[in-house]
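Enquirer: My questions will all concern the structure given below.
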Amino acid sequence: MNWNKAMVLSGVFLSFLANAQEKPRLQKKGTATQLVVDQKPFLILGGELGNSSASSFQDIERDFPKLQKMGLNTVLVPAYWDLIEQEEGKFDFSLIDKAIDQARKNDLKVVFLWFGAWKNSMSCYAPLWFKKDYKKYPRAYSKAGKPMEIASSFSENVLNADNKAFGELMKHIASVDQSQGTVVMIQVENEIGMLEGARDYSKEANTIFNAQVSANLIQFLTKNKKELHPSLSEKWGKQGFKTKGNWQEIFGNDLYTDELFTAYSYAQYVEKLAKTARSIHNIPLYVNAAMNSRNRQPGEYPAGGPLAHLIDIWHAGAPSIDMISPDLYDGEFTTWSSKYKLHNNPLFVPEIKMTQNNGVQAFYAFGEHDAIGYSPFSIENNSEAGSKRLSEAYSKLKELMPVLAKYQGQGQSKGLLFDQKNPERIINFDDLKITARHFFSLPWDPRAKDGSVWPEGGGLILRLTKDEYIIAGSGIVVEFEKENEKKEVQAKDLGEDGFAAQGGKSQAQNSWNGGKRAGIGPVDEISIDGNGKFKYVRRLNGDQTHQGRHVRIGVDDFQILHVKLYEYQ
């Protein structure tokens, strides 16, 4: 072969490999799962557009620059089946192209949300030609025999039509984004699940429900028996861990067996779309879930969706899906997020109610759960105050990204999230006891005691070395002491100057045990560059550390503090 020609071919091959390596992917790091974009770990500082906000060129052109100014690095964008395939077999990806183009112009990444056969359980985004031909594309039926505005997951025709359109979308994304990697993940369907009851009662569904449970599912459950979600293990166990029988014989006769049946059907359906995506453009895939909150029963929420208590059913039916992700609207963020950071599932919050507290929740998610990302819903409608607050939080998280990525999965970081009901958390590293509280646990700010509702305070603590920490966030106070340290009993509250707030009788103090104490050394506000290098901003001391008693960040600020401790006795 001609040497010059060989060199050219070799260069082309190496260029192909380089492009292939830049494709977004997931990687394990300790107990964490990281999203890798442009060959570096990437935290999604996101926002999800409202359902109809990517349905016109004008809206996309108006909103994307606003999102960039808000500090986002990623926007979650609906991809509408009814607009992509308005006529059967004819595909229009102009809205997809507009979203990708605007993302690139505004230095944003994109996660597309496939609004296909189901969106919030309903088939509202299926094209009209699909909806009208209900004999070819049948509906799910209620127990009373009522056809619903929900396509049946047991129909091959429904699957084939949905999968064909989804496959064309993936082909188009691959053709326009193969080398640039603007699109970093795909959501398959949206809040999938059955309403008005826990399962489909169509003829096809009833036949499968009364037949033998799939051997593949039984094999999966048997293989993973010791690691199953407690609710599934208990339910199966009550039936004697049977491995042969229909759904009621193996799991019992109740609403939750109906939900297991629905979950496996939806998971198998989604798996076919996931395989299509993987064969065309292999980037991370996830499914999102509407929560089983407010004491609702299956069918009162979307039954069978990718919920935490159904994760084993979903893993068995849809192994090509990378994660199940919660959409959170009912508060109790710490409780719900912990349900989805599991040994077999990383935490990604693709959708959460938009509030002025989103920034501190994001800090908590990354600090406590090594989250892949966080994304408030209807982000383009954020208020001016909310946009400013989120921008401040995301700005600091962008700085922290290389440092967090370095330490993820090692158990060296903790998240903080406080309000009036939950104002304190105690953290232990070796013999060091860290007490973190809401900033308003200090009495100095008049808003702490004026009867107003405390804004959430939150952040993260990252241990760099034994005596060196990053503390970042907003509205937090952190104290350090040794585990065996006996603190002196203060007779009175101390003012901001460290003196007793009011004079009075002294109180007897505990005797000292002679052990070492933890002291606070330098506390520096810092910024962090793209390579993770710390840059000094200012030294905080005196009144700003309560004369060396604590480290704090006010409720109106987001800061990154570099703290060094020492020991003395």
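Enquirer: Looking at the structure I just gave you, is Q102 out of contact with any strand residue (DSSP E or B) (no Cβ under 7 Å at 6 or more places or on another chain) and buried (at least 19 other Cβ atoms within 10 Å of the Cβ)?
Expert: yes
Enquirer: Exactly one condition in (1) outside the structural domain of A274 (by TED's automatic domain parsing); (2) surrounded by 19 or more Cβ atoms within 10 Å (Cβ to Cβ); (3) closer than 24 Å to R139 by Cα; (4) not hydroxyl-bearing (S, T, Y) is not met by L255; state its number.
Expert: Just one mismatch for L255, condition (2).
Enquirer: Given the criteria under 16 Å from the mean Cα position of the chain (by Cα), at positive phi and touching a residue at least 24 places away in the same chain (Cβ under 8 Å), does D430 qualify?
Expert: no
Enquirer: Within region 332-340, is there a residue that is surrounded by fewer than 19 Cβ atoms within 10 Å (Cβ to Cβ), within 11 Å of the chain's Cα centre (by Cα) and either among the hydroxyl-bearing types (S, T, Y) or in the same structural domain as F115 (by TED's automatic domain parsing) (or both)?
Expert: Looking for residues that are surrounded by fewer than 19 Cβ atoms within 10 Å (Cβ to Cβ), within 11 Å of the chain's Cα centre (by Cα) and either among the hydroxyl-bearing types (S, T, Y) or in the same structural domain as F115 (by TED's automatic domain parsing) (or both), one finds at least one in region 332-340, hence yes.
Enquirer: Checking the condition touching a Cys at 6+ places or on another chain (Cβ under 8 Å) and assigned by TED's automatic domain parsing to the domain that holds D200, which residue from E149, E87 passes?
Expert: Only one candidate qualifies: E149.
Enquirer: Another question, if that's okay. Of the residues in region 71-119, how many are closer than 26 Å to G386 by Cα, under 20 Å from the mean Cα position of the chain (by Cα) and basic (K, R)?
Expert: Final tally of qualifying residues: 1.
Enquirer: Can we say I192 is assigned by TED's automatic domain parsing to the domain that holds P78 and either among the small types (G, A, S) or touching a His at 6+ places or on another chain (Cβ under 9 Å) (or both)?
Expert: Criteria not met by I192.
Enquirer: Which members of region 370-403 meet the condition of being among the basic types (K, R) and under 16 Å from D556 (Cβ atoms)?
Expert: Hits for region 370-403 are K388, R389, K396.
Enquirer: Okay, next question. Could you list, in sequence order, all residues of region 377-408 that are under 23 Å from K564 (Cα atoms) and in contact with an Asp or Glu (Cβ under 6 Å, 6 or more places away or on another chain)?
Expert: Q408
Enquirer: I need every pair where a residue in region 129-158 that is closer than 18 Å to F209 by Cβ and in contact (Cβ under 8 Å) with a residue 60 or more places away in the chain has its Cβ under 9 Å from the Cβ of a residue that is among the small types (G, A, S) and in a strand (DSSP E or B), sequence separation at least 6 or different chains.
Expert: Pairs found: P138/A151; R139/A151; A140/A151; S153/A140; F154/A140.
Enquirer: I've got another one for you. Of the residues N282, N253, which single one is assigned to a loop (DSSP other than H, G, I, E, B), at negative phi and either touching a residue at least 60 places away in the same chain (Cβ under 8 Å) or of a type in the set (A, V, I, L, M) (or both)?
Expert: N282
Enquirer: Which count do you get for residues in region 439-457 that are free of Cβ contacts under 8 Å to residues at least 60 places away in the same chain and of a type in the set (A, V, I, L, M)?
Expert: 2
Enquirer: While we're looking at this one, here's another question. Quick check on this structure: which one of G473, G521, G515 is more than 30 Å from P455 (Cα to Cα) and at pLDDT 70 or above?
Expert: G515
Enquirer: Strands (runs of 3 or more DSSP E) wholly in region 367-462 with at least 2 residues that are among the hydrophobic types (A, V, I, L, M, F, W, C) - which ones?
Expert: Per the criteria, 413-418, 424-429, 432-438.
Enquirer: Let me ask another. Taking E481 as the residue in question, decide whether it is of a type outside the set (G, A, S), modelled with pLDDT of 90 or more, within 16 Å of G554 (Cα to Cα) and in contact with a strand residue (DSSP E or B) (Cβ under 7 Å, 6 or more places away or on another chain).
Expert: no
Enquirer: Report, by residue number, each residue of region 132-151 that is in contact with a Gly (Cβ under 6 Å, 6 or more places away or on another chain) and among the small types (G, A, S).
Expert: S142
Enquirer: Out of region 27-40, which residues are surrounded by fewer than 17 Cβ atoms within 10 Å (Cβ to Cβ) and either touching a strand residue (DSSP E or B) at 6+ places or on another chain (Cβ under 6 Å) or not acidic (D, E) (or both)?
Expert: Of everything in region 27-40, those that are surrounded by fewer than 17 Cβ atoms within 10 Å (Cβ to Cβ) and either touching a strand residue (DSSP E or B) at 6+ places or on another chain (Cβ under 6 Å) or not acidic (D, E) (or both) turn out to be Q27, K28, K29, G30, T31, Q39, K40.
Enquirer: It is to be established whether one or more residues within region 174-193 are of a type in the set (G, A, S), without any contact (Cβ under 8 Å) to a residue 12 or more places away in the chain and farther than 30 Å from L43 by Cβ.
Expert: no
Enquirer: All but one of (1) in contact with a helix residue (DSSP H, G or I) (Cβ under 9 Å, 6 or more places away or on another chain); (2) hydroxyl-bearing (S, T, Y); (3) buried (at least 16 other Cβ atoms within 10 Å of the Cβ) hold for S214; which doesn't?
Expert: The number of the failed condition is (3).
Enquirer: So the check is Cβ under 8 Å with 6+ separation or different chains; which pairs have a first residue in region 58-70 that's within 11 Å of S387 (Cβ to Cβ) and a second one that's of a type in the set (S, T, Y)?
Expert: Qualifying pairs under 8 Å: K66/S387; K69/S387; K69/S391; M70/S387; M70/S391; M70/Y394.
Enquirer: Looking at this structure, is Y266 of a type in the set (F, W, Y), out of contact with any Phe, Trp or Tyr (no Cβ under 6 Å at 6 or more places or on another chain), in the same structural domain as G193 (by TED's automatic domain parsing) and buried (at least 24 other Cβ atoms within 10 Å of the Cβ)?
Expert: So Y266 passes the test.
Enquirer: Any residue at all in region 293-310 that's out of contact with any Cys (no Cβ under 6 Å at 6 or more places or on another chain), without any contact (Cβ under 8 Å) to a residue 60 or more places away in the chain and in a helix (DSSP H, G or I)?
Expert: No, region 293-310 contains no residue that is out of contact with any Cys (no Cβ under 6 Å at 6 or more places or on another chain), without any contact (Cβ under 8 Å) to a residue 60 or more places away in the chain and in a helix (DSSP H, G or I).
Enquirer: Further, regarding this structure: Taking region 79-97 only, how many residues are in a helix (DSSP H, G or I) and among the charged types (D, E, K, R)?
Expert: The number of residues fulfilling the criteria is 2.
The values are calculated or read from the model by the stated rules, or taken from the named source; none is laboratory data. Bear in mind the structure is a predicted one, so any value in this text is a computation, not a measurement. Reconstructed Cβ throughout: ideal geometry from the backbone, glycine too, with neighbour counts over all protein chains shown.
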